[in-house]
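Note sheet for the following structure.
The values are calculated or read from the model by the stated rules, or taken from the named source; none is laboratory data. The structure displayed is predicted, hence computed values, not measured ones. Neighbour counts run over all protein chains shown; Cβ positions are idealised from the backbone, glycine included. Ligands, DNA and RNA are stripped out before the accessible areas are found, and what is left, the full protein with its side chains, is counted by its heavy atoms. Shrake-Rupley method; radii C 1.70, N 1.55, O 1.52, S 1.80 Å.
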Amino acid sequence: MKKYYDSASVAKLDAGLISSGIPSAVLMENAGGAIARDVLELFPANGLPRRAVICVGAGNNGGDGIVVARRLALSGWAVTILLTRDREALKGDGAVFARFVPSSVRWEASGRLSDEEVLRAFDASDVVLDGLLGTGTTGEPRGEIRRLIGLLNRSAAPCLSIDLPSGIESGGPWVQAAFTSSIAAYKASCASGSRRTACGRVKLHALCFGEADQLEEPALCGLERSDVAALAPRCPNWAHKGTRGGVLIFAGSDRYRGAALLSARGALRAGAGLVVLASSSSVLDAAAASLPDAILERLDDGSDAASVLSRWKDRCRAMIVGPGLGRDGRAEEVAAAAAGFDGSSVWDGDGLSFLPRLGTSSGRRCLTPHEGEAARLLGGWDFESAPDRRAEGARRLAGLFGPTLLKGPGSLVAGEKISVIEAGGRVLAVPGSGDVLSGAVGAMLAAGLDCEAALVVAGWCHGRAGDRLTERLGADGRLAQEIADELPQCLNEVCS
Ligand SMILES: NC(=O)C1=CN([C@@H]2O[C@H](COP(=O)(O)OP(=O)(O)OC[C@H]3O[C@@H](n4cnc5c(N)ncnc54)[C@H](OP(=O)(O)O)[C@@H]3O)[C@@H](O)[C@H]2O)[C@H](O)CC1
Ligand SMILES: [K+]
């Protein structure tokens, strides 16, 4: 498990270390030293002259930057410290360390420079360090700090954020960093959603000596392969189709045919022993050609959803409701019938829109919304104004409707616990990708996992499929069916 903490717990840890007798300047020197080593490693001199601009705000995050300035200058770098206030206004440990900065370092007050002058200085650097705001951020970035965040994001020079990208703790704007040197703990603000990509490559450094064990409960846990392997289904070699379990899928409509096919393909590729696809004729005609492995049940020629359900409920432990289903009267009838299923179910896409009318969960229902769907289920929800809004939204959905996988960069699984799926990336942002995921969740439920475990294993394998495709073929232009077809190898990584 990779543990992510909120800034308040990290600030409390800092304060605790200081009150237990470790001088705050020692902590700052340790932090700045580790960050300087990151810079020297990322940009080895190799006989080249190296340049850095270090943006320094009013707090200790800027103080770390001043330590880095000294260390880089002593390693032969040409360094400019760009202050958001006058040098005389520096306070605390930052003011102390300012006295030890070699005379080769140039000091500039950003307020005296035009946007063009700041950008010229940034663009002439090998790296720009962001020491504007850290864990002491309150509210949206203001004044000079806000201006410099905008300019950092316009510059072509790579940015290394000190501790965390400035502004990320707020509703924005925030720095888009290429690298982040994180101090004491991974920050929950960088774990999920649009902020996830803001950190670039993250390196974690201890502040003094393994102080992380003094931190309280993490705000979020990042799922690693071993965590997923502990939950993944075990399928013995003597298994028959019934051992693997069956999945009944209510999905697809005349307009959205592919969603049903991709969901079924996801279920088959994730190891379901039986897949029954119940849909309209136009969907099943397409399925007949491309999905010989699935059993097809027509829903539009006198056979209603309730009778399909009663025909298959004994052989299908799991049900998928919603991908491409539509929201018309026929879809509503399907959803109402599906609500009577007493096995495990995953609700996705159009199926989600019926959940508020279907009453409370039997405890074996889970859902896989993206942010738009989640916001509608919550009667409007703002996911952006603070970094914890995604986790809070996912928790609320789990309380209202059942364990929830909230899709997006750093998908969250909320149930008894809340976890982040580390695997994946933009390769998954293609049409039908979520349909494949619903199929994989269905297969995990059919294999006998509980809802939260099914979301974790299927979500991780889906993300891992994206990673494997990216490594082999690149992150753009992949098809959802390729994600599905990659699932067996991903399951192999956690099930063997
Ligand atoms: N000793 C330690 O605690 C260590 C901390 N480390 C590093 O320090 C930061 C946390 O430092 P802190 O000083 O608590 O916070 P910041 O650096 O984030 O700065 C807070 C000041 O910035 C101003 N501020 C706050 N919010 C905004 C905003 N939205 N817009 C503009 N300015 C803002 C404010 O100053 P004022 O004078 O304007 O009130 C705050 O006081 C941590 O992230 C680490 O990098 C080290 O790791 C060592 C140990
Ligand atoms: K920062």
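Surface calculation, 1.4 Å probe, protein heavy atoms: Leu207 sits at approximately 10 Å² accessible.
Rounded to the nearest 10 degrees, the inclination of helix 329-338 to the longest alpha-carbon principal axis of the chain is 90 degrees. You can think of it this way: the chain between Thr138 and Ala386 has 88.2 nm of extra reach, that is 0.36 nm per residue less the Cα-Cα gap. Placing +1 on each Lys and Arg Cβ and -1 on each Asp and Glu Cβ, with no other charges, gives the chain a dipole about its Cα centre of roughly 420 debye. Here segment 2-222 is treated with +1 on each Lys and Arg Cβ and -1 on each Asp and Glu Cβ, and its dipole about the Cα centre works out to around 360 debye.
By how many degrees, between 0 and 90 and to the nearest 10, does the Cα long axis of helix 281-290 differ from the longest principal axis of the chain? Value to nearest ten degrees: 70.
Given Cα pairs under 8 Å that are at least 6 residues apart, what percent is the relative contact order of segment 398-496? Let's see the in-between values first.
Details: 136 pairs, mean separation 28.1, N = 99.
Answer for segment 398-496 is 28 percent.
The C-alpha atoms of the chain define a longest principal axis, and helix 451-473 lies at about 70 degrees to it. Applying 1/(1 + (r/R0)^6) with r as the Cβ-Cβ distance of Ala212 and Arg112 and R0 = 35 angstrom yields a FRET efficiency of 0.30.
Candidates Ala305, Ile320, Trp238 compared by Cα position along the dipole of segment 225-493: farthest toward the positive end lies Trp238, with charges placed on Cβ. Distances between placed amide hydrogens fall under 5 Å for Leu129 paired with Val53, Ile54, Cys55, Leu160, all partners being 5 or more residues away or on another chain.
Label separation (Lys417 vs Trp238): 3.3 nm, computed from points 7 Å beyond Cα along the C-beta direction. Note that segment 28-37 has calculated 3J(HN,Hα) couplings of 5, 5, 4, 4, x, x, 5, 5, 4, 5 Hz, one per residue in order, obtained from phi through the Karplus relation 6.51 cos²θ - 1.76 cosθ + 1.60 (θ = phi - 60°); glycine and proline are x.
Separation of the alpha carbons by more than 22 angstrom is noted, of Lys203/Lys407; Lys12/Lys91; Lys91/Lys203, for Lys203/Lys407; Lys91/Lys203.
Loop-resident GluC sites (Glu not before Pro) (DSSP state other than H, G, I, E or B) in segment 209-301 with no more than 11 further Cβ atoms inside 10 Å of their Cβ: Glu216. Note on exposure: Met444, Met1 ranked by accessible area (1.4 Å probe, complete protein assembly) read Met1, Met444, with the most exposed listed first.
Across segment 2-222, the mean sequence separation of Cα contacts (distance under 8 Å, 6 or more residues apart), normalised by length, yields a relative contact order of 24 percent. Of the accessible area of segment 225-493, computed with a 1.4 Å probe over protein heavy atoms only, carbon and sulfur atoms account for 49 percent. Given a 1.4 Å probe and the protein chains as shown, His370 ends up with an accessible area of around 80 Å². Among Ile418, Leu437, Ala335, whose Cα projects farthest towards the positive end of the dipole of segment 225-493, with charges put on the beta-carbon of Lys, Arg (+1) and Asp, Glu (-1)? Toward the positive end, the furthest listed residue is Ile418. From its DSSP helices (H runs of at least four residues, each -39,500 (n - 2.57)), the chain gives a residue-normalised ellipticity at 222 nm of -12000 deg cm²/dmol. Near Lys187, the amide H atoms lying under 5 Å from its own belong to Tyr5; only residues 5 or more places off or on other chains count, and H is placed 1.01 Å from N.
Sorting Phe43, Phe209 by accessible area puts them as Phe209, Phe43; the probe is 1.4 Å, largest comes first, and only protein heavy atoms count. When the inverse distances between all different Cα atoms of the chain are averaged and flipped, the Kirkwood radius reads 24.4 angstrom.
Within the assembled protein chains, the solvent-accessible surface assigned to Asp450 is about 100 Å², based on a 1.4 Å probe. Across Lys241, Lys3, the residue with the most accessible area heads the list, and the full order at a 1.4 Å probe is Lys241, Lys3. Carbon-plus-sulfur accessible fraction, segment 2-222 (probe radius 1.4 Å, protein heavy atoms only): 51%. In the chain, taking the dipole from charged Cβ atoms about the Cα centre, the farthest positive-side position among Gly171, Ala34, Ser7 is held by Ala34.
Computed with a 1.4 Å probe over protein heavy atoms only, the accessible surface of the chain comes to 41 Å² per residue. By DSSP, the beta bridges lying fully in segment 225-493 are antiparallel in about 20 percent of cases. For Lys2, a cut-off of 16 angstrom between C-alpha atoms picks up these aspartates and glutamates, skipping any fewer than 8 places away in its own chain: Glu211, Asp213, Glu216, Glu217, Glu224, Asp227, Glu422. Straight-line reach from Lys241: taking Cα to Cα under 24 Å and skipping same-chain neighbours fewer than 8 places apart, the lysines in range are Lys313. For Trp107, the amide hydrogen comes within under 5 Å of the amide hydrogens of Ile81, counting only partners 5 or more places away or on other chains and with H modelled in the peptide plane.
The modelled label-to-label distance between Asp254 and Ala11, using points 7 Å beyond Cα along the C-beta direction, is 5.9 nm. Put a plus charge on the Cβ of each Lys and Arg, a minus charge on the Cβ of each Asp and Glu, and nothing anywhere else: the dipole of segment 399-493 about its Cα centre is then about 160 debye.
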